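One structure is given here, and the rest of the page talks about it.
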């Protein structure tokens, strides 16, 4: 029934013309001094005919409207409609073509970056093995840089996989400590080199997640904590069951930057100081967290440290 | 001596693996002709094969299947592809383990040793390190000296293992801490000092005095007198 005013609007010209003609009839009949019954009768009759024709026409109108709503084109009834139809079909075709082209370009790009990420892992592996054979200040520094390269490669892969349809999630119950420990181990050299201490005694919590993706988040957060802390400690703990906290005693985040740190490309004050920041790490963390059904948030006070909380509970997904 | 055959086209990695396995007294051979992997295996008769998946001419999966036609020698795949599909594929082709690149030396050695231990029940060295008459056994984390056998705590074992792997060389405090972190003991410098002190006391209890010497400001050294 919402369509009634719309229909009347579309047919307003015809209705107006009809009413105008009726008025002419009535006026001329009255001027000729005819009896009122002779005037009213044909008017009522023609109004009835109009109503029946109108209802039928409106049903047709509704059907065409609902067809168009489903993005189907009803048969053209006039030359003008036919013209519109042709234009629409042409546009549709062009849109489809450009979508196809851009998706194949995109796929090529993704494919190349994926190959690239795997290619670069081989020299990284070789350097890692050979650096480990040497016990010196220099090799440790190089190893730190190598770790950073490695984490950038991980970020590329994550970035590509996030939007890919073929992303393999393995959602099941994992012991959180089995995810945190290897992540911490990855940064052991940085911890030792910067003489940062680690407060972590295991969180003893099991949750339903994907270990590879959650590892990515945890590694990114620990990486940031280590990067922006020059003295003190990093604590990994769970005060409230299900909320994993990673807290550092680093430079902190300015309160005006805090609400935006999970945005793509946002580096804030710290990022502008430190040219290495890309503003993409935490953005990816947020995206991954969203797709896993986890929540990630940050608290910080400038100069005192930052606390990232990851809520790993999830009620919306079931084990496959 | 265990013989290990490495099929990897990246020289850096192949030599890196070779170096760290040699420290454990394993005989290592790196592939020389990628077309004749089978012939080289028949000639060398390795106890274990370490193989990359992407290789020139024929891929690792192919060689793995070829090897399985005649031999049940343990095969470890190393690859930069970390998706589950590749791991499943490797295992289905008859591999025994899978290490994603990049990996740490300690992970590689642990996996190689575990596989050798499971496959061959005869001792061939490679599970023990010797220095100054003391023998460190990796099977049961014990130290034998003059017919006496003592058990070491996890941290003591790890510290001694690292020192013995690098015997005759100064091992920095950082390297020792890294070794402990690898086994999830997230120690700081003070804890390391305490642990080394404890290890020295344990060693003294079997008469191994002054096995570990302090290099002031650098680290520790274990000399093979």
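We did not get these values from a lab; they are worked out from the coordinates using the rules stated. If you're wondering where the values come from, they're calculated on a predicted model, not measured in any experiment. Here the Cβ is made from the backbone with ideal geometry for all residues, glycine too, and neighbour counts use every protein chain on show.
Between the helical axis of B:105-119 and the longest alpha-carbon principal axis of chain B there is an angle of about 70 degrees. Relative to its Kirkwood radius, the Cα radius of gyration of region A:193-267 gives an Rg/Rh of 0.98. When a/c is below 1.5 the answer is rounded, else prolate if a/b is larger than b/c, else oblate, so apply that to region A:66-174 with a ≥ b ≥ c taken from the square roots of the Cα gyration tensor eigenvalues. The shape class here is prolate.
Here region B:71-175 is treated as an ellipsoid with the same Cα gyration tensor; its semi-axes, largest first and in whole Å, are 31, 18, 10.
Note on region A:169-311: Kirkwood radius taken over Cα pairs, Stokes-Einstein applied at 4 °C and 1.567 mPa s, translational D equal to 85 µm² s⁻¹. When each of the peptides B:179-188, B:146-155 is scored by the mean number of other C-beta atoms lying within 10 Å of its residues, the order from highest to lowest reads B:179-188, B:146-155. Computed from Cα positions, the angle between helix A:79-132 and the longest principal axis of chain A comes to roughly 0 degrees. Pairing the Cα long axis of helix A:36-69 with the longest principal axis of chain A, what angle in degrees results, from 0 to 90 and rounded to the nearest 10? Once rounded, one gets 20 degrees. In angstrom, the C-alpha Rg and Dmax of region B:128-222 are 12.2, 35.
Give me the inter-chain shielding for B:182-188: mean count of other chain Cβ atoms within 10 Å, whole number please. Mean partner-chain Cβ count within 10 Å for B:182-188: 5. Computed over the protein assembly as shown, the quotient of the alpha carbon radius of gyration and 2.2 N^0.38 Å is 1.52.
Reported to two decimal places, what Rg/Rh ratio describes region B:174-225 when computed on Cα atoms with Rh from the Kirkwood expression? Rg/Rh for region B:174-225 comes to 0.98. Once the C-beta distance of residue B:224 and residue A:105 is scaled by a Förster radius of 60 Å, the resulting FRET efficiency is 0.45 to the nearest 0.05.
The fraction of all Cα pairs in region B:3-119 landing in successive 5 Å bins from 0 to the largest distance is 2, 12, 25, 28, 22, 10, 1, given as whole percents.
Cα-based radius of gyration for region A:107-254, normalised by 2.2 N^0.38 Å, reads 1.14.
When you work out D = kT/(6 pi eta Rh) for region A:1-146 at 4 °C and 1.567 mPa s, using the Kirkwood radius from C-alpha pairs as Rh and the Stokes-Einstein form, the result is 56 µm²/s.
Look at the stretch B:99-105: the mean tally of other chain Cβ atoms within 10 Å of its residues' Cβ atoms is 6. Values of log10 I(q)/I(0) for region A:8-91 across q = 0.10, 0.21, 0.24 Å⁻¹ run -0.43, -1.02, -1.17, by the Debye formula with one identical scatterer at each alpha carbon and no solvent.
From most to least packed by mean Cβ count within 10 Å, the peptides A:96-104, A:206-214 give A:206-214, A:96-104. Normalising the Debye intensity of chain B to I(0), with uniform scatterers on Cα atoms only, and taking log10 at q = 0.14, 0.15, 0.18 Å⁻¹ returns -0.91, -0.99, -1.24. Among the residues of B:174-181, the average count of other protein chain beta-carbon atoms within 10 Å of the residue beta-carbon is 6. The translational diffusion coefficient of chain A, from Stokes-Einstein at 20 °C and 1.002 mPa s with a Kirkwood hydrodynamic radius over alpha carbon pairs, comes to 83 µm²/s.
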